[in-house]
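Below is one structure; the comments refer to it alone.
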Amino acid sequence: MLKSKKHRDTSKLHSMKKCPYCFTMLKLGAKKCDMCKKRVGAVNNAGFAEKGIDWKAYITAILAWTAFFVYVWWAFFRK
């Protein structure tokens with residue numbers, strides 16, 4: 001059965017990957033860039049490492065929106 005383009009093993013095509021943040025060449029097994037210290041993922045078809053999900057930013061945004069809605073409720077809708 002043929003693999004789809006998204007699930008194709010690209011590690012056989014490339015011997016190194018490039019950091020998507022600072023464009024430094026990294027080993028295929030690297031989980032963190034040596035120069036910018038950011039986390040990187042698997043290599044894609046273009047030879048770049050996939051960007052990781054920034055969970056801290058998502059959690060901070062959710063907490064900020066929650067605080068905003070609580071403030072609006074407190075300021076305008078409480079009795």
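Laboratory data are not the source of any read-out in this text; all were calculated from the coordinates shown. Predicted model only: the values in this text are computed from it and were never measured. Glycine gets a Cβ as well: all are built from the backbone with ideal geometry, and neighbour counts include every protein chain shown.
Being in contact with a His (Cβ under 7 Å, 6 or more places away or on another chain) and not polar (S, T, N, Q), is that true of even one residue in segment 50-70? Checking segment 50-70: not a single residue is in contact with a His (Cβ under 7 Å, 6 or more places away or on another chain) and not polar (S, T, N, Q). Ala42 fails exactly one of the following numbered conditions: (1) in a loop (DSSP other than H, G, I, E, B); (2) touching a strand residue (DSSP E or B) at 6+ places or on another chain (Cβ under 9 Å). What is the number of that condition? For Ala42, the exception is condition (1).
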